[in-house]
Amino acid sequence: MLGFSRHDVKVAALAIVMMLVMPGLQPTPRVPDTSYRANPSTLQQHVEYFDRNRDGVISLPETFESLNRLGFNWWGNFYRAPFINWGLTMGLYVKGFPPLSLSSLISPAFWNHLLSFDFQLRVPIQTIHQTIHPSDSGVYDKNGQFNEAKFERLMSFDKAGKGGINRCEMTRFIKANNNPPDVPGNIGSKFEWFNVFEILHDDKGVMSREKLLKMYNGSVFEEIERAVAAKKGIQTVRTSAMKNDA
């Protein structure tokens, strides 16, 4: 079937079902919160690009659209978008539980949170820092702010002094951050970095220091979108939500 395996078809079909059916499974709408824009963290600036309607929440269709605009393969985005939003939503959900104890198990707060999972896989930007996991690089600190020392540690993997890191160096960096008990985080880190590499590397296979810095503050995404649109002969009028709301 057009060169796709049965597994590919099943994955795509599941993603389509998730995107079309899940909006009807959440009885209580999430209240938009854009108060973070008064003083956004670096991590919040990084993810703001994916909030297409600027309501402070990144929905599954918004992630899918953003990936398309960044030039990722359209077919592959049917698994990329659900994977991204599911991982972030699950990270927020798990961290939202009170400390486990006998008293917490019988508390209303525990059961209210247990039943609060957002089946629409919407990611609130206000609390995005809570998705940071033990296998992260540390370039974002626990509050989502940029950590220059940790960024320099990333750049230290550029052993040849070429001003960036290639795929092999990136892989070594991922392994150096590997936290064995944090299996979901390890998988997520590999997924994030190999997708980042796909859109940031130059014709020599290197992600430059400049592009990596812009990736962390999110400004590189609009640059890539404009480049992809120009290549396709499409006009794009989207500008930074942070700038427009300032």
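Report the full-extension gain for the segment R54 to R167: residue separation times 0.36 nm, less the Cα-Cα distance, to one decimal in nm.
Details: separation 113, 0.36 × 113 = 40.68 nm, distance 3.34 nm.
Extra length from R54 to R167 when fully extended: 37.3 nm.
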So, with points 7 Å from each Cα along the Cβ direction, the K231-T127 label distance in nm works out to 3.8
FRET efficiency (N39, K204; Cβ distance; R0 35 Å; to 0.05) is 0.35
Residues whose modelled amide H sits under 5 Å from the amide H of I58, counting only those 5 or more places away in sequence or on another chain, are V123, I125
Note, region 182-199: 3J(HN,Hα) by Karplus (6.51, -1.76, 1.60, θ = phi - 60°), whole Hz, Gly/Pro = x, goes 8, 4, x, x, 4, 5, x, 4, 4, 4, 4, 5, 6, 6, 4, 4, 4, 9
For region 221-229, in residue order, the Karplus 3J(HN,Hα) values (coefficients 6.51, -1.76, 1.60; θ = phi - 60°; whole Hz; Gly and Pro = x) are 5, 5, 5, 5, 4, 5, 5, 5, 5
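Here, each number is a calculation from the coordinates, and none is a lab measurement. Remember, predicted model here, so these are calculated numbers, not experimental data. Quick reminder, even Gly has a Cβ in these numbers, built from the backbone with ideal geometry, and neighbours come from all protein chains shown.
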